[in-house]
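Each reported figure results from applying straightforward, stated rules to the coordinates on display, with no laboratory input. Here the structure is a predicted model, which is why all the values come from computation and not from measurement. Virtual Cβ from ideal backbone geometry, glycine too; neighbours counted across all protein chains shown.
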Amino acid sequence: MIKRLEWNKKTASGFTVAAALIIVLVVALNPREIIIAENKTLEPVVWTFQRPSQLTIIDNRLESSYSSGGLSATFHIWLSQYVEGVSDEHDFLWVTLRINATVDNADGFIERVYMVVRKDQGSMADWLETGCELENLSLVASVDGYRWAKEAYVKLAGVNHTSSIYAETTTFWKLLTANTQSHQLEVAFEITYYNGTAYNKVVQPFQLDIIGRE
């Protein structure tokens, strides 16, 4: 009886440790939920481009600025060049995303940043692994958008309750169809911040339309 009791105590202790480890893993893999007091979506910035039949330097910069509620942010997309596919390769467009933001309140900070591209099934979106620059942010996740996927995204978290951040990353928007076909890419920057009293989220959408050649 004594041996069985000792074994039961050890077993219970083991279950306790295992349960504690599971709780730690769940918390680590599922960041705390926060209550968003204000969720604001800004007017989209739209860009339209005729699909070319050769390598084309575009060098077009789309930008939107926002300043309200203690947040000052600039959202920027740089469309550098369109590359025509050769042999079995597909046409693709270089799309660079940049965000620069600051919380003015002394008690405020940037909680997280989410950059997402939503595409059609006739295209893909691959992030350039070596083209990511971060200031006061850490990478949480990066997911490419394969043909049958609806979106690709980069998730970032603010470091040490920072009041200012900068992020830059590039995606290759690969067009899998003949250049007579049109495509659309929706890009969104989402920034969640604490203004000293509440959490707010601002979303800046962009829309890129490539029109097929006749």
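List of remarks:
- Largest first, the three principal axis extents of the alpha carbons in region 38-211 are 55, 27, 26 Å in whole numbers.
- Peptides ranked, highest mean first, by Cβ atoms within 10 Å: ranges 195-202, 51-58: 195-202, 51-58
- 13 Å beta-carbon shell around Glu186, net charge (K/R +1, D/E -1): -1
- The relative contact order of region 39-185, computed from alpha carbon pairs under 8 Å that lie at least 6 residues apart in sequence, is 25 percent.
- Dipole moment magnitude, nearest 20 debye, region 38-211 about Cα centre, only Lys, Arg, Asp, Glu C-beta charged: 300
- Each Lys and Arg Cβ is given +1 and each Asp and Glu Cβ -1; about its Cα centre, region 50-119 then shows a dipole of about 160 debye.
- Based on alpha carbons, the Rg and Dmax found for region 139-214 are 16.5, 55 Å.
- Rounded Å value of the spacing that divides the Cα centres of region 138-209 and region 43-91: 13
- Measuring r between the beta carbons of Asn100 and Thr197 and using R0 = 35 Å, the FRET efficiency lands at 0.90.
- Residues Ser123, Ser67, sorted so that the one with the fewest Cβ neighbours within 10 Å comes first: Ser67, Ser123
- Nearest-0.05 FRET efficiency for Glu151 and Thr41, computed from C-beta distance (R0 25 Å): 0.90
- Kirkwood analysis of the Cα pair distances in region 80-140 returns a hydrodynamic radius of 15.0 Å.
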